[in-house]
1. In segment 341-391, how many residues are assigned to a strand (DSSP E or B) and not basic (Lys, Arg)?
2. Show the residue pairs that are 6+ apart or on different chains and have beta-carbon atoms under 7 Å apart, the first residue being within segment 368-379 and farther than 13 Å from residue 573 by Cα, the second being of a type in the set (Lys, Arg) and surrounded by 10 or more Cβ atoms within 10 Å (Cβ to Cβ).
3. Got at least one residue in segment 263-271 being within 10 Å of the ligand (Cβ to nearest atom), within 21 Å of residue 302 (Cβ to Cβ) and either outside the structural domain of residue 24 (by TED's automatic domain parsing) or within 16 Å of the chain's Cα centre (by Cα) (or both)?
4. What are the residues in segment 247-262 that are more than 20 Å from residue 12 (Cα to Cα), within 13 Å of the ligand (Cβ to nearest atom) and of a type in the set (A, V, I, L, M, F, W, C), if any?
5. Given segment 490-578, what helices (runs of 4 or more DSSP H) lie entirely inside it while holding 1 or more residues that are in contact with a Ser or Thr (Cβ under 8 Å, 6 or more places away or on another chain) and surrounded by 23 or more Cβ atoms within 10 Å (Cβ to Cβ)?
6. Filter segment 218-246 down to residues that are farther than 25 Å from residue 277 by Cβ and more than 10 Å from the ligand (Cβ to nearest atom) and give me whichever is surrounded by the fewest Cβ atoms within 10 Å (Cβ to Cβ).
7. For segment 336-358, which residues satisfy the criterion of being open to solvent by 10 Å² or more (accessible area, probe 1.4 Å), within 19 Å of the chain's Cα centre (by Cα) and not polar (S, T, N, Q)?
8. How many residues does segment 284-324 hold that are open to solvent by 40 Å² or more (accessible area, probe 1.4 Å), over 28 Å from the mean Cα position of the chain (by Cα) and in contact (Cβ under 8 Å) with a residue 24 or more places away in the chain?
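The values are calculated or read from the model by the stated rules, or taken from the named source; none is laboratory data. A quick note: this is a predicted structure, and the numbers were derived from the prediction, not measured. Because the Cβ atoms are built from the backbone with ideal geometry, glycine has one as well, and the counts that use them run over all protein chains shown. For the accessible areas, the whole protein counts, side chains as well, though only heavy atoms, and no ligand, DNA or RNA atoms are used. Shrake-Rupley method; radii C 1.70, N 1.55, O 1.52, S 1.80 Å.
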Amino acid sequence: MQKKKPLVISELSQYYFYNCDKFVRLISDKDNGNEIQNNNNGGTKKNHKTINEAMKNRGIDFELKVKNKLKNVIDCEKNVDYTMNCLKNAKNGQIFYQMKFNVPDKFYDEMQIDNIKLGAFVPDFIEVKERNSKKEIMIYDAKASKSTHISHQFQVASYAFLLEFIVKKINGLFISNTGGIYLPSSKSKTTFQLENFRLDFFLPEVNEFFRKKLPKIINAESPPWHYNSRCRTCDFVNVCRKDAKGTISMIPYLSLAEAENLKTFISDGKSDDDIEDIAKVIKKLEIGSENFSSSEKDINRRIKHIVKYDKRLEKRSPYLKAKETNQAQFIETPTANFPQKTVHNLIISMSLDHYLSRPFAWGICLYHNSGHEIENHKYSESISKNDVSLKSFIHLISCFVIVLEDIFKYLQKYESKACAFVYSDQEKKVIQNVLLEIISMDESNVSRNIQQSATKCLFNLFEDSLLLASQNNTTESFKFPNISKEWRDFPRLIVLERAISENIAFHVPGFYRFIDIRDQLVKPTLKDSKYNFIIIKKNDDFKDIEYAELENIFKLWAPGYLNSLKIINDLHLLRNDFANAIIRAYYELLKKSTNDISSILIFIPPKFTLTEVENFKNNYL
Ligand code: SF4
């Protein structure tokens, strides 16, 4: 049996983020550290910072900011003896920072676990409050996150659960029933806010986890797991990608619930699921369908939906056809999420600095629907890692809104039936957030003209912008624009990854990477030589499409090399060119699959009209 390393609570709590037994097994295996490092550096230069590292560093810095703002903080320097001494002599109002505790033997005895070891645990903050001559301690953790997640609450509740074994030996000291998470504040004038929650809701789950779930996972011969798009941010993404080949994860973007359904139906008592078994399942469904009970009919419907059943195909599922041909297959799900026809396609890319949670680069390109670029409408801009000041950030986004508004005017002038595209959900969110940030900024930082342009961009790009603006307290002073109902029915901004995951089957596990899309969709579909620069794999650094993945752009930007900005700009343009090729390939594949395109792509965007937002004045002025 492989040696197990002590489990760290902060890592263990991510079980509740990924909902994955295999994750726990991998963090407990002694040598996984090397594996992670090798994987994170695979294919790119050594020593580049990863997104996960940047987010961890952002977390550490946020924790320090909280520490520096709080009053009466005592730094315990992660020293166990000093910690115990402080705790015994705790006084009302004190806040202990980084108290370090060893897990007492009593915990293992009571949980009846003997082959699992937990590492020392270090809650970020412990506050002492005196009530009715009793001293209570409140446990808080700091998270540089937009909102509280169940994994954060599990972490704080686990600290409380473990601390109970220690505190009950100290006279007059109790653990409060309230825990809390410090989060960055959404209000510009404060650094953080405390979100409290009731610990007693979580403690039964924590007890169940340590007593039953954890031993079961650690002792299982092979813990259950499923590889899908949530794995993208997991440290083990590359390990599991290899393991997922041939399993039902070869139906990408399958939710955990759908995977569970499918596994239950195909496993027949064997431990491994196999993509090939789907063909047998479908046969079974077809043969028995006439005698099915209503509940069996329901299962039948669910399975057919999951495998995108298509009776015209020999093996009845486009995923099995993709396996056979190693080429992308069109699924033919009727959709309102992709335009039937456009005249122009506006493609936007934007990269996020995961440390500051602000963009550091963008690219905007306008293409004709034939795939040609529109002259003088191709731009990209970035700022250096060594100058991420507010001034540089505002300059970067000012250029973005000026270019975007300019392209909107062009589309209006030509009454173009146009759509805007981003490749990923992340880019959509980043663009929304950055426009809202500019709109709600103090006028001493950003000009009124730029704020007005940003407002126009927000309202013209996002169908839910009124709601977004009200959530961010920016609507009070708007005169609401008279928005054409016609285009609000159709998303003006299309997320390409969503559109292709909905309607194109690839033979790859979990989720689509650019190299998969190039090899299985763009290359076999687009024969025009103008796409060769995307299709042909490049050996020179930073010219290959793989480098235009957001994770890889970030890895290149984060070390702050002086000469990388031109490459960063070019990679955003390459990313847009690739998105343009994907759109073309989407239509080509659809045309090969059916003549009745209008029954699949339901909407044609209306002529572009630029909605004006008048009387702009935001709350903060
Ligand atoms: S990559 Fe996915 S399947 Fe693998 S451990 Fe992480 S969450 Fe689990």
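1. First, pick out the residues of segment 341-391 that are assigned to a strand (DSSP E or B): 344-353, 358-368, 373-382.
After this cut, where a residue has to be not basic (Lys, Arg) as well, the list is 344-353, 359-368, 373-377, 379-382.
So the count comes out to 29.
2. Here the result reads 371/584, each pair linking segment 368-379 to a residue that is of a type in the set (Lys, Arg) and surrounded by 10 or more Cβ atoms within 10 Å (Cβ to Cβ).
3. No, segment 263-271 contains no residue that is within 10 Å of the ligand (Cβ to nearest atom), within 21 Å of residue 302 (Cβ to Cβ) and either outside the structural domain of residue 24 (by TED's automatic domain parsing) or within 16 Å of the chain's Cα centre (by Cα) (or both).
4. Once the filter is applied, which keeps residues that are more than 20 Å from residue 12 (Cα to Cα), within 13 Å of the ligand (Cβ to nearest atom) and of a type in the set (A, V, I, L, M, F, W, C), segment 247-262 yields 248, 254, 259.
5. Values: elements: 496-503, 514-517, 532-535, 550-557.
Fully inside segment 490-578 and qualifying: 496-503, 550-557.
6. The selected residue is 219.
7. 352, 354, 355, 356, 358
8. 6
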